[in-house]
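Visitor: Quick one: this structure, given as structure tokens, is what I'll be asking you about.
The values are calculated or read from the model by the stated rules, or taken from the named source; none is laboratory data. Here the structure is a predicted model, which means the values were calculated and not measured. Cβ: placed from backbone, ideal geometry, glycine included. Neighbour counts: every protein chain shown.
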Amino acid sequence: HSVGIVGAPFNRGQPRDGVESGPDLIRAAGLLQKLTQQGCAVKDYGNVTCDDVPADEPFGCVKNPRTVGRANEQLSHTVATVKREGKTCVVLGGDHSLAIGSIHGHASVQGQLGVVWVDAHADINTPLTTPTGNIHGQPMSYLIHELHSKVPVVPNFSWIKPCVSARDIVYIGLRDVDLGEHYILKHLGIKMFSITEVDRLGIAKVMEETCDHIFSQVQKPVHLSYDIDALDPTVCPATGTPVVGGLTYREGVYITEHICQTGLLSAVDMVEVNPKCGRTDHEVKSTVNAAVDLILGCFGRVREGSHPSDYCIS
Ligand SMILES: N/C(=N\O)NCCC[NH3+]
Ligand SMILES: [Mn+2]
Ligand SMILES: [Mn+2]
């Protein structure tokens, strides 16, 4: 696997300090070294700049629009560069508003994508349905063709072209969906496996049906957008909006192992690690280590172990 790492220390898509430290914490936990050890060729593209835009007043309810819009435009260009260089792109967050730039940049090079959104939340509020104005709860609304007429032009967002079809999206792990989001999911007929479906079907069947759905018409590159809060807060407490009753560590890793073996993973986001939301060092470490392990699962790490083909014991 040829891998490009991009840091996106975004925090203006939500109100809590600390999430901007995610990229460097995940690097410090040894992600690049571990990817190299498991046979990947890894290039680090550094962190995208995301300086505050002055006088960034709300647009209606939407908070920090100019800062979030500008940062995502930079991220979109960087992700496009990584894809043009033929690598699988890993974006380290930072809050989930980064998915705007990550998916946009990915689609600008690869065209039609399958999007697998692993998250406790749907992050599909429009500027008119958002209950909080936090853009990390809205990224998908700017990207989906079928919602284009429902989304006003937000300052510094006019560069965004919708690039994902509702039929090419699958959600896994939902358990905290806003009223407007639920209406949108049902009205657009977007495929979703809430935690109830994970319990009913088991994660293996969920992944089988996810792939059947996404590849039903045609095979396409996969964009995996992984919010660490999809996992249960007992495993990943250091995150801004924890929700009880989440995925086990094992289910979380199984998702990445299954997507890896399709051979179609083209970009992955790992978002919402926030060290300031961990009460102890152990809680921060548990969250960061899970994020690292999930990414390693995307690039071929298998829990049974492995050995080089030319290995011999005598
Ligand atoms: N973690 C979050 N999204 O994934 N928080 C914002 C969504 C709340 N409706
Ligand atoms: Mn999210
Ligand atoms: Mn979430």
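Visitor: When you check K186 against the structure, is it surrounded by fewer than 18 Cβ atoms within 10 Å (Cβ to Cβ), more than 30 Å from V244 (Cβ to Cβ) and either of a type in the set (D, E, K, R) or touching a helix residue (DSSP H, G or I) at 6+ places or on another chain (Cβ under 9 Å) (or both), yes or no?
Guide: On the way: surrounded by fewer than 18 Cβ atoms within 10 Å (Cβ to Cβ): yes; more than 30 Å from V244 (Cβ to Cβ): no; either of a type in the set (D, E, K, R) or touching a helix residue (DSSP H, G or I) at 6+ places or on another chain (Cβ under 9 Å) (or both): yes.
For K186, the condition - surrounded by fewer than 18 Cβ atoms within 10 Å (Cβ to Cβ), more than 30 Å from V244 (Cβ to Cβ) and either of a type in the set (D, E, K, R) or touching a helix residue (DSSP H, G or I) at 6+ places or on another chain (Cβ under 9 Å) (or both) - is not met.
Visitor: Does S225 count as within 16 Å of ligand 1 (Cβ to nearest atom), polar (S, T, N, Q), at negative phi and not in a loop (DSSP other than H, G, I, E, B)? So that I can check it myself, show each step before the final result.
Guide: Values: within 16 Å of ligand 1 (Cβ to nearest atom): yes; polar (S, T, N, Q): yes; at negative phi: yes; not in a loop (DSSP other than H, G, I, E, B): yes.
Yes, satisfied.
Visitor: Output the residue which, of all residues in segment 228-243 that are within 14 Å of the chain's Cα centre (by Cα) and not in a strand (DSSP E or B), is farthest from D178 (Cα to Cα).
Guide: I228
Visitor: So which of L31, L75 is buried (at least 23 other Cβ atoms within 10 Å of the Cβ) and in contact with a Cys (Cβ under 9 Å, 6 or more places away or on another chain)? So that I can check it myself, show each step before the final result.
Guide: Values: L31 fails: in contact with a Cys (Cβ under 9 Å, 6 or more places away or on another chain).
That would be L75, the only listed residue that is buried (at least 23 other Cβ atoms within 10 Å of the Cβ) and in contact with a Cys (Cβ under 9 Å, 6 or more places away or on another chain).
Visitor: Working only within segment 107-123, note down all residues that are assigned to a strand (DSSP E or B), more than 16 Å from ligand 1 (Cβ to nearest atom) and either among the aliphatic types (A, V, I, L, M) or touching a Pro at 6+ places or on another chain (Cβ under 6 Å) (or both).
Guide: Once the filter is applied, which keeps residues that are assigned to a strand (DSSP E or B), more than 16 Å from ligand 1 (Cβ to nearest atom) and either among the aliphatic types (A, V, I, L, M) or touching a Pro at 6+ places or on another chain (Cβ under 6 Å) (or both), segment 107-123 yields nothing.
Visitor: Kindly provide the set of residues from segment 123-142 that are surrounded by fewer than 24 Cβ atoms within 10 Å (Cβ to Cβ) and either under 16 Å from V68 (Cβ atoms) or within 13 Å of ligand 2 (Cβ to nearest atom) (or both), ordered by number.
Guide: The answer is T126, P127, T130, T132, G133.
Visitor: May I ask you to say which residue of D56, D119 is farther than 25 Å from R175 by Cα, among the charged types (D, E, K, R) and either surrounded by fewer than 24 Cβ atoms within 10 Å (Cβ to Cβ) or at pLDDT 95 or above (or both)? Before the answer, list the steps.
Guide: Working: D119 fails: farther than 25 Å from R175 by Cα.
Of the residues listed, the single one that is farther than 25 Å from R175 by Cα, among the charged types (D, E, K, R) and either surrounded by fewer than 24 Cβ atoms within 10 Å (Cβ to Cβ) or at pLDDT 95 or above (or both) is D56.
Visitor: Right, next: Hey, among V19, V91, which residue is more than 14 Å from ligand 1 (Cβ to nearest atom), at pLDDT 95 or above, among the hydrophobic types (A, V, I, L, M, F, W, C) and within 30 Å of L185 (Cα to Cα)?
Guide: Values: V19 fails: more than 14 Å from ligand 1 (Cβ to nearest atom).
Only one candidate passes the filter, namely V91.
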